[in-house]
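Working notes, beginning with the structure itself.
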Amino acid sequence: MTKLTDTQAIILSAAANRDNHIALPLPDSLRVGAANKVVAAMLTKRFLEEVDADMRKGEPVWRETGDGHGVTLIATEAGLAAIGIETDSAETKPTEDPAPKTRTRREGTKQATLITMLRASDGATIAEIMAATGWQSHTVRGAMSGALKKKLGLEVTSEKVEDRGRVYRLD
């Protein structure tokens with residue numbers, strides 16, 4: 001897929017959702033000078049195309065050409081393809097999402113140490129994990145909720161154990 005700036009991606013995504021793939025209006029945060037540069041780059045890459053604006057239908061105008069006529073910007077097939085949309089004539093449909101990348105765990109990392117400790121039959125306390133990894137308590141909690149639960153989809157459980165405190169485990 002073509003590398004786009006955030007602004008280019010926003011412009012093309014908005015155009016993909018409009019009738020006739022009109023790229024106007026541009027984002028409000030884009031000032032005139034910046035807008036001219038972004039549009040010039042997109043025209044060069046053929047992501048956008050200038051076409052006559054139908055002012056009777058109220059199409060937005062990118063620039064006036066004189067005599068009451070103007071030009072508008074539309075996203076081209078190349079522009080839509082750059083954001084992952086294939087076109088079939090007048091109909092557009094999003095392409096299927098690529099399969100998610102499978103994560104491979106590296107051995108010897110602090111995260112691997114955390115997983116090993118939590119997979120042990122007796123689990124681990126925050127203090128034990130802190131001692132093994134050198135992390136502070138908030139980092140341990142963040143790793144369990146963010147990296148393990150949200151990113152890796154692992155189920156972390158906890159229970160209060162007498163003489164040990166709260167013990168965390170991976171099921």
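Exactly one residue among Ala23, Ala9, Ala15 is small (Gly, Ala, Ser), in contact with a Gly (Cβ under 9 Å, 6 or more places away or on another chain), within 17 Å of Ile85 (Cβ to Cβ) and in contact (Cβ under 8 Å) with a residue 60 or more places away in the chain, and that residue is Ala15. The set of residues in segment 21-34 being in contact with a Ser or Thr (Cβ under 9 Å, 6 or more places away or on another chain) and in a helix (DSSP H, G or I) consists of His21, Ala34.
Read-outs throughout are calculated quantities, based only on the coordinates presented, and are distinct from any laboratory measurement. For clarity, every value in this text was computed on a predicted model and none was experimentally measured. Note: ideal-geometry Cβ built from the backbone for every residue, glycine included; neighbour counts use all protein chains shown.
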